[in-house]
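Right, one structure below, let's go through it.
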Amino acid sequence: AQSVTQLDSHVSVSEGTPVLLRCNYSSSYSPSLFWYVQHPNKGLQLLLKYTSAATLVKGINGFEAEFKKSETSFHLTKPSAHMSDAAEYFCVVTDPSGGYNKLIFGAGTRLAVHP
Amino acid sequence: EAGVTQFPSHSVIEKGQTVTLRCDPISGHDNLYWYRRVMGKEIKFLLHFVKESKQDESGMPNNRFLAERTGGTYSTLKVQPAELEDSGVYFCASSSSKLSTGELFFGEGSRLTVL
């Protein structure tokens with residue numbers, strides 16, 4: 001069965017410092033992995049996706065994630081945090097048993113950015 | 001272009017009452033999904049429509065939940081009678097059949113509080 005584990009429920013960084021949000025996955029298939037973000041009072045938005053092409057995936061707003069099969073990880077990073085990055089981030093894997101748009105979410109990581 | 005819209009944004013009802021949530025997908029999107037986030041838990045899949053047909057309803061918790069998508073446009077999710085454990089945020093998402101897998105467009109969610 002597919003699953004994702006987000007290792008931190010809350011992450012706090014200072015503006016201008018790097019961001020690291022950790023995600024490990026479990027999959028019996030070659031997975032499709034995603035990061036979604038939810039800003040306050042907004043809908044979830046796709047940040048980036050990995051679908052077995054390049055292992056380093058670039059997304060919107062300067063975020064990127066690296067697929068590491070040996071570590072079953074798909075951590076999200078950004079070199080320099082901005083105040084507007086404060087949001088909740090979800091690591092997601094697709095459930096192929098239900099079609100590739102049936103998403104399995106991690107528990108979410110709340111990112112706080114301090115001045 | 002309008003995004004996915006959901007109504008109401010917040011509903012407070014008493015146990016045993018009925019609530020109907022509405023979702024208007026992005027125009028032209030054949031796929032429509034309902035997801036739910038119960039307090040403190042992961043976002044979970046409820047069901048998937050392709051046009052007016054239920055493609056997958058394996059995530060519906062019980063027969064108190066009824067989803068419809070008459071005419072293949074907007075969808076409603078009715079909870080009758082509501083129980084305390086139904087409290088949470090109900091997300092609707094839509095996608096085009098032509099888009100890559102996993103790219104769903106989410107609404108802002110309908111927060112349901114059952115007292």
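The values are calculated or read from the model by the stated rules, or taken from the named source; none is laboratory data. Keep in mind the model is a prediction, meaning the values are calculated, not measured. Don't worry about glycine lacking a Cβ; one is built from the backbone with ideal geometry, like all the others, and counts go over all protein chains shown. We work out accessible area using only protein heavy atoms, side chains counted, and drop any ligands, DNA or RNA first. Shrake-Rupley method; radii C 1.70, N 1.55, O 1.52, S 1.80 Å.
Give me the net charge for the shell around B:Glu68: Cβ to Cβ below 12 angstrom, other residues only, Lys and Arg +1, Asp and Glu -1. Around B:Glu68, the surrounding residues sum to +2. Within the straight-line cut-off of under 16 Å between alpha carbons, the aspartates and glutamates reachable from B:Lys54 are B:Asp30, B:Glu68, sequence neighbours fewer than 8 places apart in one chain being disregarded.
Note down the relative contact order for the range A:39-115 as a percent, whole number, built from C-alpha pairs under 8 angstrom at least six residues apart. Computed over the range A:39-115, the figure is 20 percent.
By the rule of a C-alpha distance below 16 Å, with chain neighbours fewer than 8 residues away ignored, the aspartates and glutamates paired with A:Lys49 are A:Glu64, A:Glu66, A:Asp95, B:Glu103. For A:Ala107, nonlocal amide neighbours, meaning residues 5 or more places apart or on other chains whose placed amide H falls under 5 Å from its own, are A:Gln6. Counting only aspartates and glutamates at least 8 places from B:Lys15 when in the same chain, those with an alpha carbon closer than 14 Å to its own are B:Glu83, B:Glu85, B:Asp86. Seen from B:Leu46, the other residues with C-beta closer than 9 Å to its C-beta sum to a net charge of +1, counting Lys and Arg as +1 and Asp and Glu as -1.
Other residues with beta-carbon under 10 Å from the beta-carbon of A:Trp35 carry, at +1 per Lys or Arg and -1 per Asp or Glu, a net charge of 0.
Sorting the Cα pairs of the protein assembly as shown by distance into bins of 5 Å, from 0 upward, gives 1, 7, 14, 18, 18, 16, 12, 7, 4, 1, 0 percent per bin. Averaged over peptide B:40-46, the number of partner chain Cβ atoms lying within 10 Å of each residue's Cβ comes to 5. Here the Kirkwood formula puts the hydrodynamic radius of the range B:5-97 at 13.4 Å, using every distinct Cα pair.
Could you run the numbers on buried accessible area between A and B, total for both chains, 1.4 angstrom probe, in Å² to the nearest 100? Interface between A and B: roughly 1700 Å². A:Thr55 sits with roughly 70 Å² accessible to a 1.4 Å probe, with DNA, RNA and ligands left out of the calculation. Considering only protein heavy atoms and a probe of 1.4 Å, how much of the accessible area of chain B is carbon and sulfur, as a whole percent? Carbon and sulfur: 48 percent of the exposed surface of chain B.
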